[in-house]
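A.B. asks: Structure below; questions to follow.
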Amino acid sequence: MLGLGVAEREMAWQSNRLQEQAQFMSMLTHELKNPLASIRLTVDTLDAGGHEALAVRHQRIGRAVQDIDALVDRCVLVDSIEQGRVQLMVVDLDPEQLVQDVLAKFPTAQPVELMLADDLPMMDTDERLLETALSNLLENALKYTSDPSSVHVKVSSSDDAQSVYFEVSNLLGPGGVPDLDQLFDKYHRGKHTNGHRGTGLGLFVVRWVAERLGGEVQVKLMAAQRIAFQLCLPLTPHRL
């Protein structure tokens, strides 16, 4: 009987792995088709000598390539997470400068309101991982908000000055309130996505980064139909 139980658990594990692999391939195939189609269409207009401004066509190709590059990077990071191969590279960094750098990478972030507390403390943390988490939160907010100008990024410190809070909030979009209990699950794509593209990996990575850096991430509904994600991190990771 004991052997039968072990065999059943092994079969269940294999079944879950196969299901997850199929889910991953479906997501990857779907997400790659859109930027590739954009590149193909733009190249066709170049060959046909269309009247669209050359700079605009170059920009469209650039965005599509960036989308593919970001997708590959995210998948590589998730694989490294699953395999336990992500090592922390702790450096001394200024949270204000990091947020400014993240915002600069998003052309659509121009109307974003940035609120910075005075005298923010320096942090000893992994710059690449923190930048990835903040980029994912900002991308999520800009994608699902009903108004880009409603996106707010707030950075503050705890009363004891031992933690830094990064909060990204936005107005809820047409999809309404998401399923808060499943938002951070890998591959989760709820009804609130309302046709938007996505991998279902962004918020999964945010939660993993928060925990790896010794902190946590929370999501809450606010007044006036706003939703906020708050990333709380210690000035120094509790474990390296």
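The values are calculated or read from the model by the stated rules, or taken from the named source; none is laboratory data. The model shown is predicted, which means the values in this text are computed figures rather than measured ones. Neighbour counts are summed over all protein chains in view; Cβ atoms, including those assigned to glycine, are modelled from backbone coordinates with ideal geometry. Ligands, DNA and RNA are stripped out before the accessible areas are found, and what is left, the full protein with its side chains, is counted by its heavy atoms. Shrake-Rupley method; radii C 1.70, N 1.55, O 1.52, S 1.80 Å.
A.B. asks: Where the centre of each part is set by its Cα atoms, how far does the range 124-146 sit from the range 54-122, in angstrom?
C.D. replies: 6
A.B. asks: Let me ask something else. Any idea of ARG63's accessible area? Nearest 10 Å², probe 1.4 Å.
C.D. replies: Accessible area of ARG63: about 120 Å².
A.B. asks: Check the straight Cα-Cα distances from LYS154 and name the lysines below 20 Å, setting aside those fewer than 8 residues away within the same chain.
C.D. replies: LYS105, LYS143, LYS220
A.B. asks: I would also like to ask the following. Would you mind checking the range 126-150 for residues with the amide N under 19 Å from a putative spin-label position 7 Å along Cα→C-beta of ASP101?
C.D. replies: From the range 126-150, the list is 126-139.
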